[in-house]
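The values are calculated or read from the model by the stated rules, or taken from the named source; none is laboratory data. Every value quoted in this text rests on a predicted model; they were computed, and no experiment measured them. All Cβ positions, glycine included, derive from the backbone under ideal geometry; neighbour counts span all protein chains shown. When the accessible area is computed, the model is the full protein with side chains, heavy atoms only, and any ligands, DNA or RNA have been set aside. Shrake-Rupley method; radii C 1.70, N 1.55, O 1.52, S 1.80 Å.
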Amino acid sequence: VFLFLVKKLALNDSEFYYPKASIFLGLFFIFLVFQCLPLSLSILKIISPKTALLYHQALPAAFEKNLFSITIYSLATKKEAIKLFSFFCIFFITINTINTRRQFQRMILIIILWSVILTFYGLVKKFSLNQEHYLGFSTFLNRNHYAGYCILIIPFSAGYALANKNLNIKILFSFITGMLGLSVFLTASRAAILSIIVSLSLMIFLSFYIKKIKEKKNIAIGICALLGMVFLFSLFDFGGVISKFKFLELDTAGRFYRFKDAFSAVKDFPLFGVGLGNFRYIFTSYRTFHDIQFQSYLHNDHLQLFLETGLIGISLYISFFLFIIKDIVKQYNKRKDPFVKNIVLGGLFSILALGIDSFFDLDFHIPAIAFMFWLILGLIYKCAHTHFGGSEKTPL
């Protein structure tokens, strides 16, 4: 951000682009500040009686004399708020920096090729080293986190393959997309596998029925590739995927109890939540099942955010995404440029894939995934609003 502002000052450029939907995210950050403000006992009892009760139980002697915040641990809220703000800065800088077709292509290539390096390293590591009990994949210590990162790139890569008119480049990036899909299956991450199948299937469906692409052979190739990948893995069960699905009922029961307990906590903190980043400090009091592990995350980012920020916070956060995606889709429908259409379409389904996976994992709490999510969101927003012509910079 500092370098970005220095560049603006050096060029004497005071123009900043930002979506109208940013107002909701701005209000969300103001809400997080409010969560950390010290409040009087009378106010706290009105807006969050359960929080007041917790303070009374923990500090009965000092309860009447001190001021207390809505968040039960303000340092955790401040840390998470700074992280989230830094990711939004990635989005903001992206839409204010990437302006030309060449810049878009260069950034997209960097994203895809870096993912190829990570995937290739993961495949070599899996098949050449004796790591049967290693739970990670590639440079990620947890295979589910790698899968969450990769499902962001797969539809984006598929969109870039469709955007290219050169047949050789189209084949190359189709192969890359397939290799990335292969690696997700090898992680045996069930939520990621289901997310990417749903996302790619809908992407193919929309490409055929809404976009009405003239090159229908591309759609046929995509359908065959998807069905072939699923058949291949069902036949050979690479990575123990099918065996993992056999334990789905047992794992689902455990997660159901966690989600049920989280809803019990939500009922006690309905409007303002317990404070961003405070799930780990409150969940133990509501857990009704035996678990030898300490639950730092719920493995459902959406429900966890609801618990931590309440109805007010999550409404502002979701409103930002609803309005910005509505804006992107509105501009997408107006565009005729195949490059823009395919890149934006791929990016939208990348966001959809991660949104689905986040119902079962902690994707948005992994910095690498969160960084890539906001970067792709910024790229497709700017791409949908940019008309490539003679000028290097086109206003939004």
**Asked** Quick check: is even one residue across region 266-276 β-branched (Val, Ile, Thr), open to solvent by less than 70 Å² (accessible area, probe 1.4 Å), modelled with pLDDT of 75 or more and within 30 Å of Ile43 (Cα to Cα)?
**Response** yes
**Asked** Counting just the residues of region 314-342 that are closer than 23 Å to Lys165 by Cα, of a type in the set (Lys, Arg) and open to solvent by 50 Å² or more (accessible area, probe 1.4 Å), which one comes out modelled with the highest pLDDT?
**Response** Lys334
**Asked** Here are some conditions: (1) within 28 Å of Ile312 (Cα to Cα); (2) without any contact (Cβ under 8 Å) to a residue 40 or more places away in the chain; (3) among the hydrophobic types (A, V, I, L, M, F, W, C). Ile95 meets all but one. Which one does it not meet?
**Response** (2)
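Kindly establish whether Phe173 is closer than 21 Å to Val344 by Cβ, of a type in the set (Phe, Trp, Tyr) and assigned to a helix (DSSP H, G or I).
Working: closer than 21 Å to Val344 by Cβ: yes; of a type in the set (Phe, Trp, Tyr): yes; assigned to a helix (DSSP H, G or I): yes.
Yes: the conditions hold for Phe173.
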**Asked** Identify, please: which residue in region 187-218 is of a type in the set (Phe, Trp, Tyr) and more than 18 Å from Ile351 (Cβ to Cβ) and is, among those, modelled with the highest pLDDT?
**Response** Phe208
**Request:** Within region 384-394, identify whether any single residue is part of a helix (DSSP H, G or I), at pLDDT below 95 and either more than 25 Å from Leu303 (Cβ to Cβ) or open to solvent by 10 Å² or more (accessible area, probe 1.4 Å) (or both), and answer yes or no.
**Result:** yes
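Identify, please: which residue in region 61-74 is open to solvent by 80 Å² or more (accessible area, probe 1.4 Å) and not charged (D, E, K, R) and is, among those, farthest from Phe269 (Cα to Cα)?
Applying the first criterion (open to solvent by 80 Å² or more (accessible area, probe 1.4 Å)) to region 61-74 yields 61, 64-65, 67, 73.
If we keep only those that are not charged (D, E, K, R) as well, we get 61, 67, 73.
Numbers: Ala61: 24, Leu67: 19, Tyr73: 15 Å.
So, considering only residues that are open to solvent by 80 Å² or more (accessible area, probe 1.4 Å) and not charged (D, E, K, R), the one farthest from Phe269 (Cα to Cα) is Ala61.
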**Request:** Give Pro19, Pro60 a once-over and let me know the one that is modelled with pLDDT of 85 or more, assigned to a loop (DSSP other than H, G, I, E, B) and of a type outside the set (Val, Ile, Thr).
**Result:** Pro19
**Item:** Of residues in region 339-383 being outside any helix (DSSP H, G or I) and not acidic (Asp, Glu), the one farthest from Val198 (Cα to Cα)
**Value:** Ile366
**Request:** Taking the residues in region 28-49 that are within 12 Å of Ile72 (Cα to Cα) and surrounded by fewer than 16 Cβ atoms within 10 Å (Cβ to Cβ) as candidates, determine which candidate is nearest to the chain's Cα centre (by Cα).
**Result:** Leu37
**Prompt:** Within region 2-27, how many residues are open to solvent by less than 90 Å² (accessible area, probe 1.4 Å) and of a type in the set (Val, Ile, Thr)?
**Reply:** 1
**Item:** Neighbours by Cβ (under 6 Å, 6+ apart or cross-chain): first from region 100-115, closer than 13 Å to Val340 by Cα; second surrounded by 12 or more Cβ atoms within 10 Å (Cβ to Cβ) and among the aromatic types (Phe, Trp, Tyr)
**Value:** Arg101/Phe388; Ile108/Tyr160
**Asked** In region 313-338, which residues are within 21 Å of Phe388 (Cα to Cα), of a type in the set (Lys, Arg) and assigned to a helix (DSSP H, G or I)?
**Response** Lys330, Lys334
